[in-house]
């Protein structure tokens, strides 16, 4: 236990998306800086750092006794494994202080080929209790970046029960969903938040639908707003409590932000940290100056996040859009020039809430579509005359330079923001930039790369490049599909239910396993000896992806009770939950009395991650719902080779092929959610809120379905297909499944996520 260990001084960890921001962070007092690895970090930057620049920044930081961490925290697709190996090889030579990762496939690569590299578990790995923290330590992580949804009391409890280093986000943007559990941007747009491409659906305006209506946005509107747009986190007033909770590193979010933002925010927290140990008569003044710096940083409205339990009602203000920057004013009228020209000019009549001048960089936010467009102000009119600037309170005409009229949805509703771009494109070549230009970074040895790919049973070239499932599956008649391994000619069909009653319905397939959500109600039912579905089908007891620290004892006891009653099949929602099932040696029982499976929330997109789960003793795991066809095909092909040797233990790979998976999984049950369930996006898409267990989730009324691709999935090597009837009316879902499997009659509306396209 760590209760008697002195807490070290807290590290101030700053973001940097440019070399100028990196230098500003160190000058403002950061102890460490984190930057993104090129092409493999969870932020879609305008320009990634080069490896030479990372080498120059690492050297610059180390010369000043500072640290540099590299965020390699994107989920990695199968065809990106060679790039990941090349990048890791170079970083191994550069020697940053740690990598920040979320993909367990990357962890396998690091531990197997580059053991000198330290790894930190990204907040995208959703670690929120001591059991998971310790399990991550056993996996090889040296530090945990905790989930952002924890209170100070929960952080303190984790520290008391775990010896792992704990890092938390202390300032910056907050996501509505738990980090690592948001699929909205991906499944409804092809841009994965877990791969740095999020289109921020939580920042859009939504309309509540009238009770009982299954209609579009046109029938909503009452009580709508920016329902999920979180205020920024600011923990600057709670640093003493954070230090007492055992945190070793304070992370500021903002690798996409400007130099000025980084400088002012880091400076503010440096002052506030120094104030903790300053003479009493100086503390108030130092903290006041810190707040002044934050006020100038052009962020969103600030709140204390989840740090203080009981203040969660302050985390969302539905009337605020959630865009960063300073609000200039609301558009009261849109004037469009007459004529037929494609490039017709539009002018927004705006009541100013702040001064504005020609040359300002502005962002127009369209409330009806959620679209954001930035432009430089070139035309400003007051009472019909051109002016160079105007004061707050005036009504002015602002020319929307470069914004095409066809993209301005009518009737128009919008807000203008001033955007801080200071320092983003500084002309001055800094010492670090000049050092990077001179830096010679040794390229990885091609022979070593080929050897590592061969060790992973991957071709050194690109046999994963097929663009269709038929092509990718055509070469898989041996390996995983070989008869000597006993692979069935047809998949197992698994059924996921919320209640035992749903098991008794008729489905258009033979059910091989039933997934049952573990709750107080189903536990009571299961303890009466019902460990099988009527007809003898085994039950698989499923855990949610998020378990809270205070609920761990209940889940431990529930699992123990079920196992005493003869239950042998369980599904985890998070790799840290394996710790609920290990024996005294820290290993899963090897006597065959336990089958452990993984849910799609394990976020697997590559064969290396499949290998790691197999090595941890799982009987099966589901591939990511976000996958496209080519990624799935290549990952299964490569994984099959790793388990094709005689005597090798096979781990099954499954896929959810029908259901209404959560798009958001969140802790916050905001006051404006009460009594409201269905809502619509500006595009008329319909969604609903669900409260179940310890989370609030958002689901689409339109079903996600890969059933039309079921035969293809079998050819690719999927072992079991999961049909989820736990959200919605099971009878209606059974009818949906029958129609989509047969392809006959009137097919229900459905969407297939990224499967038939390309996951970004």
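Computed from the coordinates by the stated procedures, all read-outs in this text should not be read as laboratory data. Note that the structure is a prediction, hence the values are computed from the model and not measured. Note that we place each Cβ from the backbone using ideal geometry, even for glycine, and neighbour counts take in every protein chain shown.
Please figure out what share of the DSSP beta bridges in the chain is antiparallel and state it in percent, rounded to the nearest 5.
Beta bridges within the chain, antiparallel portion: roughly 50 percent.
How much length would be gained if the chain were fully extended between residue 9 and residue 278, taking 0.36 nm per residue of separation minus their Cα-Cα distance, in nm to one decimal?
95.4 nm
Taking N as the number of residues in the chain, what value does Rg over Cα atoms divided by 2.2 N^0.38 Å take?
0.98
Please say if region 1-130 is rounded, prolate or oblate, where rounded means a/c under 1.5 for a ≥ b ≥ c the square roots of the C-alpha gyration tensor eigenvalues, and otherwise the choice is prolate for a/b larger than b/c and oblate otherwise?
Cα axes put region 1-130 in the oblate bin.
If I fit a long axis through the Cα atoms of helix 104-113 and take the longest principal axis of the Cα atoms of the chain, what angle between them do I get, 0 to 90°, rounded to 10?
Its long axis makes an angle of about 80 degrees.
How would you classify region 537-577 from its alpha-carbon gyration tensor, with a ≥ b ≥ c the square roots of the eigenvalues: rounded for a/c under 1.5, else prolate if a/b is greater than b/c, otherwise oblate?
oblate
What distance in nm separates the simple spin-label points at residue 585 and residue 447, each placed 7 Å from Cα in the Cβ direction?
My value for the distance between the label points is 3.9 nm.
What is the distance, in nm, between label points placed 7 Å from the Cα along the Cα-to-Cβ direction at residue 561 and at residue 499?
2.1
What FRET efficiency would be calculated for the residue pair residue 746, residue 683, taking the C-beta separation as r and a Förster radius of 25 Å, to the nearest 0.05?
Taking R0 as 25 Å, the efficiency between residue 746 and residue 683 is 0.60.
So, R0 is 51 Å and r is the distance between the beta-carbons of residue 357 and residue 690; what FRET efficiency does that work out to, to 0.05?
Computed FRET efficiency for residue 357 and residue 690 comes out at 0.60.
Rounded, prolate or oblate, given the Cα gyration tensor of region 216-307, with a/c below 1.5 counting as rounded?
Judged from the Cα gyration tensor, region 216-307 comes out prolate (a/c at least 1.5, a/b above b/c).
Label-point separation (nm) for residue 732 and residue 314, each offset 7 Å from Cα along Cα-to-Cβ?
Going by the 7 Å Cα→Cβ label model, 4.0 nm.
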